[in-house]
Amino acid sequence: MPLKKLVAGNWKMHGLSSDLAEVREIAKESRDYPTVDVALCVPAILIERAARAAPDFAIGGQDVHEAEKGAHTGCISAQMLLDAGASLTIVGHSERRDAQRENDRDVKAKAETALASGLNVILCVGENLDVREQGGAVQTVVGQVDASIPGECPEQAQLAIAYEPIWAIGTGKVPANREIAEMHSAIRKRLVDRYGSAGESVRILYGGSVKPSNANEIFSIADVDGALVGGASLKAADFIPIVAAAATSTP
Ligand code: PGA
């Protein structure tokens, strides 16, 4: 049974009050595709307004602190995300692994805290260009999965893994279909090794330069259960065709 696809937008550091109309439009048009789960991960300060603008639509954060509360200036807890109206969060995005020096241990702790609080989690992994060129991509990414996924398998649909090759993010470059297939199958195998048959129901998203023009092809690859979309999620005109592709594609 193929899993229900998840198409999540990652707005990164984009989004002001004036963009709430776009959130509303994306939520409205997404209703035409009930066979796809759609979400937008917006800047933390926009979550509450986005959730009010689009009730019944999944709004998420882009990071969460591993602690429940405490002396962590500038950080955001899982309860704060929930309180603002979020139902999910991204953890371990490569931009944070790089700029905020987050490692697999941090990412695992964040994922465990978020899941225990009732948030769904999109946990990101991905190799850089050097690693890809040296032939170590699968080993590196499977190693990241191993070290950063929660110890216990969360309930169905709560956890998604996003495979995002760093060299494909925001560059317009996308791995060959066979490279995506090879990576997703290796991630699936490791999830099943770790979680048993429950690992079959963890969605594996592809991320990195997903556009309306390549979405159909990407969604037709085995074990691609959705996408994490950056630049093309900012406007309904770009994002909704990707949701539509997820609704029609069959691996
Ligand atoms: P992109 O970003 O779609 O703009 O390449 C993806 C991501 O970083 O999640």
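The values are calculated or read from the model by the stated rules, or taken from the named source; none is laboratory data. Note that this is a predicted model, so its numbers are computed, not measured. For neighbour counting, all protein chains shown are included, and Cβ atoms are generated from backbone atoms with ideal geometry for every residue, glycine included. Accessible surface areas use protein heavy atoms only, side chains included; no ligands, DNA or RNA. Shrake-Rupley method; radii C 1.70, N 1.55, O 1.52, S 1.80 Å.
Below, the figures for the structure above:
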read-out	value
Exposure rank, largest accessible area first [Arg194, Arg132, Arg24; 1.4 Å]	Arg24, Arg194, Arg132
Candidate aspartates and glutamates for bridging to Lys108, where Cα separation is under 20 Å - those fewer than 8 sequence places away on the same chain excluded	Asp63, Glu66, Glu68, Glu95, Asp98, Glu127, Asp146, Glu152, Glu155, Glu164, Asp193, Glu200
Prolate/oblate/rounded label for the chain (Cα gyration tensor, a/c 1.5)	rounded
Cα-based Rg of the stretch 17-91 normalised by 2.2 N^0.38 Å, two decimals	1.15
Carbon plus sulfur fraction of accessible area for the stretch 155-221, probe 1.4 Å, in percent	47
Shape call, the stretch 123-241: gyration tensor on alpha carbons, a/c limit 1.5	oblate
Within the chain: Cβ-based charge dipole about Cα centre, in debye rounded to nearest 20 (Lys, Arg +1; Asp, Glu -1)	220
Around Lys211: net Lys/Arg minus Asp/Glu count, Cβ-Cβ under 11 Å	-2
Proximal lysines to Lys28, defined as alpha-carbon separation beneath 26 angstrom and excluding residues fewer than eight positions away on the same chain	Lys4, Lys5, Lys12, Lys211, Lys235
Ranked by how many other beta carbons lie within 10 Å on average, peptides 70-76, 234-240, 152-158 from highest	234-240, 152-158, 70-76
Rg [Å, one decimal], Dmax [Å, integer] - the stretch 61-198, C-alpha atoms	15.2, 46
Cut-off under 5 Å, modelled amide H: who pairs with Lys235 long-range	none
Accessible-area order (highest first, 1.4 angstrom probe) of the listed residues Arg105, Arg96, Arg188	Arg105, Arg96, Arg188
Under 5 Å, built H, 5+ apart or other chain: amide partners of Gly170	Ser209
Net charge contributed by nearby residues that have their C-beta within less than 14 Å of Gly199 (K/R +1, D/E -1)	-2
Listed peptides 56-65, 120-129 by packing density, highest first (mean Cβ within 10 Å)	120-129, 56-65
Using θ = phi - 60° and Karplus 6.51 cos²θ - 1.76 cosθ + 1.60, couplings along the stretch 186-194 (whole Hz; Gly, Pro as x)	5, 5, 4, 4, 5, 4, 6, 4, 7
³J(HN,Hα) computed for each position of the stretch 79-92 - Karplus, 6.51 cos²θ - 1.76 cosθ + 1.60, integer Hz, glycine/proline x	4, 5, 4, 4, 4, 7, x, 7, 10, 8, 8, 7, 9, x
For the chain, with +1 on Lys and Arg beta carbons and -1 on Asp and Glu, the positive-most of Ser117, Asn128, Tyr33 along the dipole	Tyr33
